[in-house]
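The values are calculated or read from the model by the stated rules, or taken from the named source; none is laboratory data. Given the structure is predicted, the values throughout are model-derived calculations rather than measurements. Positions of Cβ are generated from backbone atoms using ideal geometry, with glycine treated the same way; all protein chains shown enter the neighbour counts.
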Amino acid sequence: MIFSLLISLFLPDTSFVQVPTGNYWVGAKGHALNPAREVHVDAYAIGATEVTNQQFAEFVAATHYVTDAERLHNAMVFEPGLKEFRWLEDSTACWRYPNGVSRGGVDDKMQHPVTTISYNDAQAYCEWAQVRLPSFEEWEIASRAGARTTYFWGEDSRKIGRYANIWHAHDHLEPDGSDGYMYTAPVASFQPNRWGLYDMYGNVFEFCEGHLKEEKTVHARGGSWWCSQHSCHYFNSVDIGRVHRRASFSNQGFRVVKK
Amino acid sequence: MKLIAATLALLLPLATFAQDQNQEESWKPASAESNAYREYRLKMTTPPYGLAKVKGLIKKNTAYMEDVTIMSSKDYMSLTLREKFTYHMINPESYSQNCDVEPPIQDEHKKVFGHLPDNYAELNWSERQRDFLQANRDSVMEIIKESANRSKRIGLNYKMALVEIKAVEMVPFLVEFFKRDHKDLDILTVLMEFMAETKYEPFVKSVSYTKLYSKNSTYNAYLLFNQANEDLIIQRAMGMYNAAN
């Protein structure tokens, strides 16, 4: 720890964590999509936090980019009272109003992760910012921070509340703000993993580069504020979620890797 | 913001990382019989009503909307009720967010789950489609009966539609259909979802409800399929139906 802190004093950029070239363990034994294996990756620098509304606003201001949700009016939003895995279509929702105009904007949430953006929107941001999305393996290596377990701290899912903004209620019929946040939390509101990466689990599902099946299907990892122990407990280092590349959900965001 | 100042420079490769020694999560493959039942569970029914016409319009609208197929209002309004039903059953026009793959379920053919599986991949019914099912529930139930009797099967999409509209009126039909071959345990799931959704008191007070739908349950919770559970589910479902009629 002291070693790391000393190093940090000489690093100009504190928003990225450097992962060195090497062999790393990923996956889980018998997992259909993500079997246990050792992989080799070249060094990369990954964002310590998810991309924020502030950062996305800078991109939009510079490029006048129009997101898929703004163009197609097809965003999927949440409000308490919905059955499990049910989302609402809201033509007013976009990154500026992640759950629709009636549920408020991001003016006072600029340090929250950007959401209600599609995979295509994330790619557009990356192109502008001269960064890229992490590969499945890069994301997983960063989330594990050296661990081979389902969670970076081990196998006990009950510790999730220390590290992640998730949904703690049994279902989504009533609001759950028991950890201080019903929707997103400001990035780095919870404890980081041992490599100093925040919100690798929970807060927002993070898009990864590449496709496992069809090209129209993209993938995101780490779970989100919506995910609960009861439904979609994907706030871990193993599982991989899927979504349509044009879909803009209010629990989807991304972090980036330096090119 | 609690972002610590330190950016950890990770200078050492795997060989010297102190990786946790905890045992990895193990995914045990399911048996061939279990896998075959899984495949059976996920099968949809393709309605025959105006199928060629509907497919043609889907193709036309797909080209317009890239790879998301939302039929234009004009084309949609040109469909008959039965053709609209076909469209909704074969073409969900909104999005869903899914876990890509679940761990294999052991002995799936011996389990009665609390919820139906999802097989529309990253798509789901839109509000327009759900509204259609609700607004035309009598017709939807009749069409499903007719189609299921012809194909000798109630596809997953049909069962999802029945749950969507809480088709309690279908209980006798579903019970009779299930008794024909005792194969499709998801029919029992539909019956239990009706009882859970309508808060049918004898069911809500039962051990089964606690196991499948209470605060301590998980979404994938199940009952073992055996004669006693089958009898109990059917008896309660018929009780609910009789109470409502």
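Applying the set (1) at pLDDT 95 or above; (2) over 19 Å from A:Val77 (Cα atoms); (3) surrounded by fewer than 24 Cβ atoms within 10 Å (Cβ to Cβ); (4) hydrophobic (A, V, I, L, M, F, W, C) to A:Leu212 leaves exactly one unmet item: (1).
What are the residue pairs meeting all of these: first residue in region A:185-210, first residue in contact (Cβ under 8 Å) with a residue 24 or more places away in the chain and more than 12 Å from chain B (Cβ to nearest Cβ), second residue among the basic types (Lys, Arg) and in a loop (DSSP other than H, G, I, E, B), Cβ atoms under 8 Å, and 6 or more apart or on different chains? Close Cβ pairs satisfying both conditions: A:Glu206/A:Arg255. Of the helices (runs of 4 or more DSSP H) entirely within region A:62-152, those holding at least 2 residues that are more than 14 Å from chain B (Cβ to nearest Cβ) occupy A:119-129.
For region A:248-258, check the following and say yes or no: at least one residue is surrounded by fewer than 20 Cβ atoms within 10 Å (Cβ to Cβ), more than 26 Å from A:Asp171 (Cβ to Cβ), in contact (Cβ under 8 Å) with a residue 40 or more places away in the chain and more than 7 Å from chain B (Cβ to nearest Cβ). Yes, that holds for at least one residue. Across region A:211-240, the number of residues qualifying as farther than 24 Å from B:Tyr213 by Cα and either facing chain B (nearest Cβ under 8 Å) or aliphatic (A, V, I, L, M) (or both) comes to 9.
Residues in region B:210-245 that are basic (Lys, Arg) and not in a loop (DSSP other than H, G, I, E, B): 2 in all. Scan region B:107-144 for residues that are within 16 Å of the chain's Cα centre (by Cα) and small (Gly, Ala, Ser) and the total you get is 3.
The criterion of being small (Gly, Ala, Ser) and touching a residue at least 12 places away in the same chain (Cβ under 8 Å) does not hold for A:Gly154.
Which residue out of B:Asn119, B:Asn91, B:Asn157 is buried (at least 17 other Cβ atoms within 10 Å of the Cβ), in contact (Cβ under 8 Å) with a residue 60 or more places away in the chain and not aliphatic (A, V, I, L, M)?
Unique residue meeting the criteria: B:Asn157.
Of the residues in region A:16-23, at least one is among the β-branched types (Val, Ile, Thr), in contact with a Gly (Cβ under 9 Å, 6 or more places away or on another chain) and surrounded by 20 or more Cβ atoms within 10 Å (Cβ to Cβ).
Among the residues of region A:157-184, those that are farther than 16 Å from A:Asp239 by Cα, more than 14 Å from the chain's Cα centre (by Cα) and in contact (Cβ under 8 Å) with a residue 40 or more places away in the chain comprise A:Trp167, A:His168, A:Ala169, A:His170, A:Asp171, A:His172, A:Leu173, A:Glu174, A:Pro175, A:Asp176, A:Tyr181, A:Met182. Close contacts from region B:164-190, counting a first residue that is free of Cβ contacts under 8 Å to residues at least 60 places away in the same chain and a second that is crowded, with 18+ Cβ neighbours inside 10 Å and not in a helix (DSSP H, G or I), with Cβ to Cβ under 7 Å and a gap of 6+ residues or different chains, come to B:Phe177/B:Ile154; B:Phe178/B:Asp184; B:Ile187/B:Ile154. You will find that of B:Val207, B:Val171, the residue that is buried (at least 17 other Cβ atoms within 10 Å of the Cβ) and either more than 14 Å from every other protein chain (Cβ to nearest Cβ) or under 18 Å from B:Arg82 (Cα atoms) (or both) is B:Val171 and no other.
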